[in-house]
Each structure stands twice: as structure tokens, then as C-alpha cells.
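Before any comments, here is the structure.
The values are calculated or read from the model by the stated rules, or taken from the named source; none is laboratory data. Being a predicted model, the structure only gives us computed values, none of them experimental. Here the Cβ positions follow ideal geometry from the backbone for every residue, glycine too, while neighbour counts run over all protein chains shown. All accessible areas refer to the heavy atoms of the entire protein, side chains included, with ligands and DNA or RNA removed. Shrake-Rupley method; radii C 1.70, N 1.55, O 1.52, S 1.80 Å.
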Amino acid sequence: ALSQSEIDRLYQNGAGDYATPPTNNDGGVAYWSFDQADSDTRVVRDEWGNHDGVRGTKGGTDQPSITENGKRGKALTFDGDDEYIGAGDIGEVEGIDQLTASAWIRPHSTDSDMVVMGKGDLADSSSAWVVWFDNNGARSGVSNTISWDIRDSGGTSYKTEGTDGLITADRWYHV
């Protein structure tokens with residue numbers, strides 16, 4: 001996991017010249033800026049060269065599209081239904097007990113739950129985690145917020161969530 005100073009440095013990197021991605025000398029595993037997404041193929045390049053991703057869809061024919069108007073540089077647009085970026089099975093995160101993950105999101109609607117990122121399936125018996133936008137607070141009463149759910153290898157589940165009404169449509173958020 002990244003230290004607070006490493007997180008601060010990555011955050012501050014976006015405040016200036018964003019054409020230069022952070023270096024991979026602090027224990028990072030992958031860095032997808034989407035500036036290197038290939039519009040002719042489904043490949044999303046890892047800036048550090050270790051784990052390219054693939055734009056895909058669960059059963060549909062569309063895939064996330066590349067746009068020029070991200071928070072910093074390019075971005076991908078998802079339809080909110082079945083599109084995703086697959087990074088495969090990244091061995092460096094297997095069996096770890098600390099993890100730092102972040103993303104810029106801009107939901108165009110707050111009408112439904114949306115997965116931001118994750119690994120594994122929370123309904124499965126194996127360990128998994130997911131960061132998601134919770135629109136209705138069905139489990140806790142907190143709605144329109146970001147939640148982080150974790151299931152350990154023993155089957156115990158943990159949840160952390162933001163405050164009620166934290167997320168509104170058509171605004172950028174760093175999670």
C-alpha cells in the first residue's frame with residue numbers, strides 16, 4: 001500500500017504538468033491514465049508497462065469510449081450498464097493485507113448503483129473487494145455515496161461508506 005506521502009505526491013502530480021505520469025519507484029503496480037488508450041483496439045495501456053487493460057462489455061456490443069475531456073487528459077465514457085476495463089489477474093495484489101486504489105469518476109446519473117473498481121466477486125466464498133457508488137442505501141440508509149466493501153478469505157465482510165448525499169451527477173470526484 002502507498003504511504004500518505006506517496007498518495008500526496010501522486011495527487012500533487014495532477015496539479016501541474018499532467019503530460020508526465022508519476023514514476024513507478026514507490027511500489028505501485030499499475031497506472032492507467034487512459035491517455036494511452038488505443039482507439040482502434042480494446043487495449044488500455046498501463047503507463048508503467050506492466051498490466052495493460054482491455055475495454056470490454058458483459059454481454060453487450062459496446063465498449064467504453066475514449067473522450068478528450070477528462071479531469072486531467074483523456075477519459076473513458078461508460079454507459080453505466082455493462083461496460084468495464086479488465087486488468088486480468090494481477091499477481092502483485094494476491095494475498096496482500098493493504099491496498100491503495102484510486103480513480104476519478106463523473107457519474108452522469110445517480111439513478112442506479114455503479115461499480116467503480118474491484119477484484120473478485122463479493123458473493124463468492126473467496127476474498128474480494130469493490131468500490132462502488134451506492135444510490136439507494138438499501139443496506140445502511142446512506143445513499144448517493146461511495147462505499148468500499150471487502151470480503152476476507154474467511155468470509156467476513158467489512159464496509160466503509162461516505163456520508164449521505166456525497167455524490168451528485170455531472171461532477172468530478174476523486175475516490
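Given the criteria modelled with pLDDT under 75, under 17 Å from residue 31 (Cβ atoms) and either open to solvent by less than 70 Å² (accessible area, probe 1.4 Å) or outside any loop (DSSP other than H, G, I, E, B) (or both), does residue 137 qualify? Here the answer is no, as residue 137 does not meet what is asked.
The rows are residues; the columns are (1) assigned to a loop (DSSP other than H, G, I, E, B); (2) touching a residue at least 40 places away in the same chain (Cβ under 8 Å).
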position	(1), (2)
73	yes, yes
84	no, no
102	yes, yes
109	yes, yes
118	no, no
123	yes, no
126	yes, no
130	no, no
133	no, no
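Residue-wise test of (1) more than 17 Å from the chain's Cα centre (by Cα); (2) open to solvent by 80 Å² or more (accessible area, probe 1.4 Å); (3) closer than 27 Å to residue 166 by Cα; (4) at pLDDT below 80.
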residue: 43; (1), (2), (3), (4): no, no, no, no
residue: 49; (1), (2), (3), (4): yes, no, no, no
residue: 63; (1), (2), (3), (4): no, no, no, yes
residue: 70; (1), (2), (3), (4): no, no, yes, yes
residue: 82; (1), (2), (3), (4): no, no, yes, yes
residue: 95; (1), (2), (3), (4): yes, yes, no, yes
residue: 104; (1), (2), (3), (4): no, yes, yes, no
residue: 109; (1), (2), (3), (4): yes, no, yes, no
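Of the residues making up the range 101-117, at least one is in contact with a Pro (Cβ under 7 Å, 6 or more places away or on another chain) and not acidic (Asp, Glu).
Identify all residues within the range 150-175 that are free of Cβ contacts under 8 Å to residues at least 24 places away in the same chain, under 20 Å from the mean Cα position of the chain (by Cα) and within 22 Å of residue 121 (Cα to Cα); write none if there are none. Residues satisfying the conditions are 150, 158, 159, 160, 162.
Yes or no, residue by residue, for (1) assigned to a loop (DSSP other than H, G, I, E, B); (2) modelled with pLDDT under 75; (3) within 19 Å of residue 105 (Cα to Cα):
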| position | (1), (2), (3) |
| --- | --- |
| 7 | no, yes, yes |
| 16 | yes, yes, no |
| 20 | yes, yes, no |
| 23 | yes, yes, no |
| 35 | yes, yes, yes |
| 56 | no, no, yes |
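Residues in the range 145-160 that are outside any strand (DSSP E or B) and either in contact with a Cys (Cβ under 8 Å, 6 or more places away or on another chain) or open to solvent by 40 Å² or more (accessible area, probe 1.4 Å) (or both): 152, 153, 154, 156.
Mind checking which residues of the range 84-93 are under 13 Å from the mean Cα position of the chain (by Cα) and of a type outside the set (A, V, I, L, M, F, W, C)? Selection gives 84, 86.
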